[in-house]
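Here the structure comes first, spelled out in structure tokens, and everything after it is commentary.
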Amino acid sequence: MGDLAGFVQKIISNMEQVIVGKKEIIKLILVSLLCRGHLLLEDVPGMGKTMMVRALAKSLGCSFNRIQFTPDLLPSDVTGVWIFNQKNSEFEFRSGPVMAQLILADEINRASPKTQASLLECMEEGQITVDGVTHRLPRPFLVLATQNPMEHHGTFPLPEAQMDRFIMRTNLGYPSYEEEIFILQRLEQRHPIEAIKQVVDAEELIMMQEKVQEVLVDAAILDYIVRIVLATRNHHEVVLGASPRGSLSLLRTAKAFAAIEGRNYVLPDDVKSLAQATLAHRIVLRPEALYRGCTQERVVAEVLENAEIPI
């Protein structure tokens, strides 16, 4: 797995020219990328969510499109539309911005539920269907969506079905004092995104995605994953626990994380370190639990604390 670890390190080093002090978040994004998942970046404005995705796009040799989600955005603005060509009297398909390898769905919760739903098929099946005709999306395909969890006016919360399509959810968090000083010094003259160069290509990425499949998973690790997910469903504060897709997502991310660390086998610590990002957003709390201040993250933390770790 040494070549995969080197592949990841090239991307991390390149992105750190722009993104300061967020190596662990960059790792999570690369975990999503390597296991063919999609990631939701959730944080307040000005934290660098969009810049993080732009830096990734410039590091990869992949086609990139940014979709700015707004209340008046239509599904056809995302997927594409059939247009009648008067010259040859035939209908032609004009593909939408989703027909790219890397998609930034910026402020996804500002679009209507109908437009949000236009991403369901492409995120799960790697294809779009417009007027009964199915179009395959290019490989690799990754959706990185951003949203501000503190803003509610003019937004449409993502439904459970949409949240479940994201393999992980994470947030950037505020920089430390030293990191923020460094950011100010770096941005004083020009933005470092201008200096970012491509360091890997799409074919190399697909090869690394295939290599992740070779990571070994012991039966005890599978048992550990399923017990954790079952515990989220049986928790007294939860009305809807993680789905079987959650179990599969935790397995896939753990394999990718192990590969990034240079191992060809999964450890219980890999599962524990990714459980919050992989499972918390799939949990629906009871109304009375929300009133008491319970959070999805607290539920996952309690589940991990009580789950017996395989030896």
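Each residue of the range 237-250 is assigned a 3J(HN,Hα), and the resulting list reads 8, 10, 9, 9, x, 5, 7, x, 4, x, 4, 5, 5, 5 Hz, derived from the Karplus form 6.51 cos²θ - 1.76 cosθ + 1.60 (θ = phi - 60°), x at Gly and Pro. Among Gln127, Gln86, Gln101, the largest mean-square fluctuation in a Gaussian network model of the chain (Cα springs under 10 Å) belongs to Gln86. In order along the range 16-21, the Karplus-derived 3J(HN,Hα) couplings, from 6.51 cos²θ - 1.76 cosθ + 1.60 at θ = phi - 60°, round to 5, 5, 10, 9, 9, x Hz, and Gly and Pro are given as x.
For Thr134, Thr295, the sequence from fewest to most other C-beta atoms within 10 Å is Thr134, Thr295.
Give, rounded to the nearest 20 debye, the magnitude of the charge dipole that the range 108-194 has about its Cα centre when Lys and Arg contribute +1 at Cβ and Asp and Glu contribute -1 at Cβ. Walk me through the numbers before you get to the answer.
Working: 8 positive and 12 negative charges, 48 e Å.
Magnitude of the dipole: close to 240 debye.
Amide H contacts for Val238 (H built 1.01 Å from N in the peptide plane; partners 5 or more residues away or on another chain; cut-off under 5 Å): Arg286. A cut-off under 11 angstrom between Cβ atoms defines the neighbours of Asn171, and their net charge, with Lys, Arg +1 and Asp, Glu -1, is 0.
Here r is the Cβ-Cβ distance between Ala220 and Thr134 and R0 is 30 Å; the resulting FRET efficiency, rounded to 0.05, is 0.15. Within straight-line reach of Lys197, meaning a Cα separation under 19 Å, sit the following aspartates and glutamates at least 8 residues removed in sequence or on another chain: Glu16. I need the calculated FRET efficiency for the pair Lys23 and Ser63, taking r as the beta carbon distance and R₀ as 25 Å, to the nearest 0.05. The pair Lys23/Ser63 has a calculated efficiency of 0.45. Rg then Dmax, both in Å and based on the Cα atoms of the chain: 20.2, 70. For the chain, the relative contact order comes to 23 percent (Cα pairs under 8 Å, sequence separation of at least 6). For every other residue with a beta carbon closer than 13 angstrom to the beta carbon of Val212, add +1 if it is Lys or Arg and -1 if Asp or Glu, then tell me the sum. Charge balance in the 13 Å sphere: 0. Stretching the chain fully between Glu288 and Ser112 yields a gain of 60.6 nm (0.36 nm per residue, less the alpha carbon separation). Karplus-derived 3J(HN,Hα) values for the range 101-111, using 6.51 cos²θ - 1.76 cosθ + 1.60 with θ = phi - 60°, are 7, 10, 10, 9, 8, 7, 6, 4, 7, 8, 8 Hz; glycine and proline are entered as x.
Bear in mind these aren't lab numbers, they're just calculated from the coordinates by the rules spelled out. In this text, all values refer to a predicted model and were calculated from it rather than measured experimentally. Methodologically, a virtual Cβ is constructed for each residue, glycine included, from the backbone with ideal geometry; neighbour enumeration extends over all protein chains shown.
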